[in-house]
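Just so it is clear, none of the values below were taken in a lab; they were calculated from the coordinates. Here the structure is a predicted model, which is why all the values come from computation and not from measurement. Virtual Cβ from ideal backbone geometry, glycine too; neighbours counted across all protein chains shown.
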């Protein structure tokens, strides 16, 4: 499965390189490329590719959505690593963007990747209907801002060294991580012309996949190693992060994650073998060592 994910990541990287090469010159292009193209699983793109198979979409109908999502994700990582946020100097096995280019440049590069995502969706070479582009742009904006990634990061920082209940932690993680995964699942469904009911169903599945990914990330922070993970481990406890592991312990959190995975798979069973690739990705998410 990891080879398939690497292949998907390479496909998206090729697209992003070409798109960035079309941009007018800017000194920010170098840190933007650094933040998006050098490493990373690009698991969110794989989710889009997987869901696209369910709805029988072609590569050119989804590749822009993949690239846009990776720009949003990379922007969030660049900002998360800043000294005023999580203060991490290592990302994807290399120096964080602010460590290499400086804090102000990292902030501006992250901002530029955020806005580039919307350029990618609205690009004239992306051959889907204008109303669908508007829908995707609106959702991506919602899931990136104060009701999504940014809002989740705010809560993550605000909950440090505090006693927080499990419902609050789940809500925070669904914003910080789940919302972008939600986009990854609803986008192919919407592009395909699926019913509103189906789009809602895929939205729920996507949010749950994102939560599963975040829990797996928290588990890796406890049992993973720095070389494989590509960033510091055991930092959640050191920073007083509010996680499910902090409340339930490692083993019960793993049980909790396995139950969520089974729930997602039950929801996907209605799509038969068309959802096989997505289920394989779910297994990878929970079993991964990086």
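Could you work out [θ]222 nm for the chain from helices alone, using -39500 (n - 2.57) per DSSP H run of at least four and dividing by all its residues? Round to the nearest 500 deg cm²/dmol.
-22000 deg cm²/dmol
Cα convex hull of region 193-287: mean projected area in nm², to one decimal?
For region 193-287, the mean projected area of the Cα convex hull comes to 7.3 nm².
Return a whole-number percent for the relative contact order of the chain, with Cα pairs under 8 Å and 6 or more residues apart as the contact set. Don't skip to the answer; put the middle values down first.
Numbers: 386 pairs, mean separation 56.8, N = 290.
For the chain, the relative contact order is 20 percent.
Please state the Cα pair-distance histogram of region 1-108 with 10 angstrom bins from zero: what percent is in each bin?
The percentages, shortest bin first, are 14, 43, 31, 11, 1.
For 237, 133, 231, 58, what ranking results if the residue with the fewest other Cβ atoms within 10 Å of its Cβ goes first?
Ordered from fewest to most neighbouring Cβ atoms within 10 Å, 237, 133, 231, 58 come out as 58, 237, 133, 231.
Taking the Cα centroid of region 54-85 and of region 219-290, what is the distance between the two, rounded to the nearest whole Å?
20 Å
Where does region 235-290 land on Rg/Rh, using Cα atoms and the Kirkwood Rh? Write out the running numbers ahead of the final one.
Numbers: Rg = 14.3 Å, Rh = 13.0 Å.
For region 235-290, the value is 1.10.
Size of region 58-122 along its principal axes in angstrom, Cα-based, largest extent first?
In descending order, the Cα extents are 40, 22, 17 Å.
Could you state, as a whole-number percent, how many of the C-alpha pairs of region 141-191 are farther apart than 17 Å?
Tail fraction, whole percent: 37.
Give me D for the chain in µm² s⁻¹, whole number, from Stokes-Einstein with Rh from the Kirkwood sum over alpha-carbon pairs, 25 °C and 0.890 mPa s.
Reported coefficient: 128 µm²/s.
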